[in-house]
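The values are calculated or read from the model by the stated rules, or taken from the named source; none is laboratory data. Worth saying up front: this structure is predicted, and the values here are computed from it rather than measured. Cβ placement follows ideal geometry from the backbone for every residue including glycine, while neighbour counts extend to all protein chains displayed.
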Amino acid sequence: MITFYPGPSKIYPQVADYAAEAIREGIVSQNHRSAGFMDVVKETINLLHQKLAIPAEYHIAFVSSATECWEIVAQSLTIEASLHPYSGAFGKKWAEYAYRIKPPTELNQADVLCLVQNETSNGTQVSMDTLAQFRREFTSTDGSPIIAIDAVSSMAGIAFDWTLADVWFASVQKCFGLPAGLAVLIYSPAALNRAQAIGENAHYNSLLFIHENFSKYQTPYTPNGLGIYMLMRVMQQVAPIAEVDAITKKRAANWYSFFEQKMASSPFRLLVDTPAERSDTVIAVEGSETDIKAVKAAAQQAGIMLGNGYGDWKTTTFRIANFPAITDAEIETLTQFLLSFQQ
């Protein structure tokens, strides 16, 4: 089965060998305070800095999921309130979750701006130019506003200007091409300063406690050691993000051109009308409930898994992952299937 599901999505085929390697060499049996395991953590962090071009002064930690990162931002980095402009289901969920932890009194006193860079539910994205505008315009009452970015569907798939935000995070089951169960949390010196000023240290995943451990290449709790090892091996394997970014964006442009031109007479159309707002990593395609159901069923019969719609678009869209682990041959298979389906 070829999968274009936008998460969990296709993993790199080499990951099976990496998992066997970790078991065979005893990596997963190492104590997480041991020198051997700390070396794995250190190497993984170094590779993330190198391959994703993360500034040296930005810190990196590993947690269980992006959802946990929502919690960390609310607990450890929010003084009064967080502001959540959103365009889809995951941005809305983040706002609802954050407000349960830190109920806002006045949103005009928000000191953390929370944005979803790639909204998986509907295939929209916040460009670096738009993010730069947020960086210029967002202010807070304490004079040191923090911007936090959910980059679940785009980190390791496209290049970022990391300096445009203070916190970035993503689970690894999308552009990293890995199984679910691990997330990468990246935070700036300004974010660490904010955490220190707040002094919240009451939870196992308080940012201060996380930082204290990762500064020694340790983890605050027994981690997903297999996931970290596999992340290290994938980072050794992949090209630098500038090269990955070029491929991802070329493929995205090809997908959008394909639907606008070759699929113009089909019952399907792109969900996002404005090109500048279209995601580079998740292509959302709209149609009637009947047609969407039919194309997904036919794809399944052809050995292809399309992504279901999500939230408000659950029954009227399908989604196509445009992640690095997906091959050109698989893309060609899907395009030929879609062309035959419309005939």
*asked:* Would you confirm whether or not the range 218-231 contains a residue that is touching a Pro at 6+ places or on another chain (Cβ under 8 Å) and within 30 Å of Gln133 (Cα to Cα)?
replied: no
*Within the range 261-284, track down each residue that is in a helix (DSSP H, G or I), out of contact with any strand residue (DSSP E or B) (no Cβ under 7 Å at 6 or more places or on another chain) and closer than 21 Å to Asn122 by Cβ.*
Pro275, Ala276
*Could you say which residue among Ala156, Ala183, Ala191 is within 12 Å of Thr67 (Cα to Cα) and surrounded by 24 or more Cβ atoms within 10 Å (Cβ to Cβ)?*
Ala183
*Here is a list of conditions, (1) of a type in the set (Ser, Thr, Tyr); (2) closer than 30 Å to Phe318 by Cα; (3) at pLDDT below 95, and Ser65 meets all of them except one; can you say which number that is?*
(3)
*Scan the range 216-231 residue by residue and report those that are surrounded by fewer than 16 Cβ atoms within 10 Å (Cβ to Cβ) and either under 21 Å from Ala148 (Cα atoms) or without any contact (Cβ under 8 Å) to a residue 24 or more places away in the chain (or both).*
Tyr221
*Can you tell me which residues in the range 9-25 are at pLDDT 95 or above and part of a loop (DSSP other than H, G, I, E, B)?*
Ser9, Lys10, Ile11, Tyr12, Pro13, Gln14
*Taking the residues in the range 42-71 that are closer than 24 Å to Cys114 by Cα and polar (S, T, N, Q) as candidates, determine which candidate is farthest from the chain's Cα centre (by Cα).*
Ser64
*Considering every residue within the range 193-206, establish whether at least one is among the hydrophobic types (A, V, I, L, M, F, W, C), within 22 Å of the chain's Cα centre (by Cα) and assigned by TED's automatic domain parsing to the domain that holds Leu48.*
no
*Are any residues in the range 69-90 in contact with a helix residue (DSSP H, G or I) (Cβ under 7 Å, 6 or more places away or on another chain) and of a type in the set (S, T, N, Q), and if so, which ones?*
Gln75, Ser76, Ser82
*Which of the residues spanning the range 309-321 are out of contact with any strand residue (DSSP E or B) (no Cβ under 6 Å at 6 or more places or on another chain) and touching a residue at least 60 places away in the same chain (Cβ under 8 Å)?*
Tyr310, Gly311, Asp312, Trp313, Ala321
*Inside the range 118-214, counting only helices (runs of 4 or more DSSP H) that do not spill past its ends, which hold 3 or more residues that are more than 25 Å from Ile283 (Cα to Cα) and small (Gly, Ala, Ser)?*
189-198
*Mind checking whether some residue in the range 36-44 is in a helix (DSSP H, G or I), within 29 Å of Pro104 (Cβ to Cβ) and of a type in the set (Phe, Trp, Tyr)?*
no
*Any chance the range 143-152 includes a residue that's at pLDDT below 95, touching a Pro at 6+ places or on another chain (Cβ under 7 Å) and farther than 23 Å from Val41 by Cα?*
no
*Residues located in the range 164-201, provided they are among the charged types (D, E, K, R) and under 19 Å from Ala81 (Cβ atoms)*: Asp166, Arg194, Glu200
*How many residues does the range 1-41 contain that are more than 14 Å from Leu226 (Cβ to Cβ) and either aromatic (Phe, Trp, Tyr) or under 22 Å from the mean Cα position of the chain (by Cα) (or both)?*
12
*Cross-chain or 6+ apart pairs with Cβ under 6 Å, the range 268-295 first and on the phi < 0 side of the Ramachandran plot and buried (at least 20 other Cβ atoms within 10 Å of the Cβ), then hydrophobic (A, V, I, L, M, F, W, C) and at pLDDT below 95*: Val295/Phe341
_Restricting to the range 230-275, give me the number of residues that are of a type in the set (A, V, I, L, M) and farther than 28 Å from His49 by Cα._
5
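One line per residue, one yes/no per condition, for (1) of a type in the set (Ser, Thr, Tyr); (2) more than 23 Å from Asn308 (Cβ to Cβ); (3) in contact (Cβ under 8 Å) with a residue 60 or more places away in the chain:
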| position | (1), (2), (3) |
| --- | --- |
| Trp94 | no, no, no |
| Leu113 | no, yes, no |
| Thr124 | yes, no, yes |
| Glu137 | no, yes, no |
| Thr141 | yes, yes, yes |
| Thr163 | yes, yes, yes |
| Ile186 | no, yes, yes |
*Among the candidates Thr124, Thr120, which residue alone is within 24 Å of Tyr256 (Cα to Cα) and in contact with a Pro (Cβ under 6 Å, 6 or more places away or on another chain)?*
Thr120
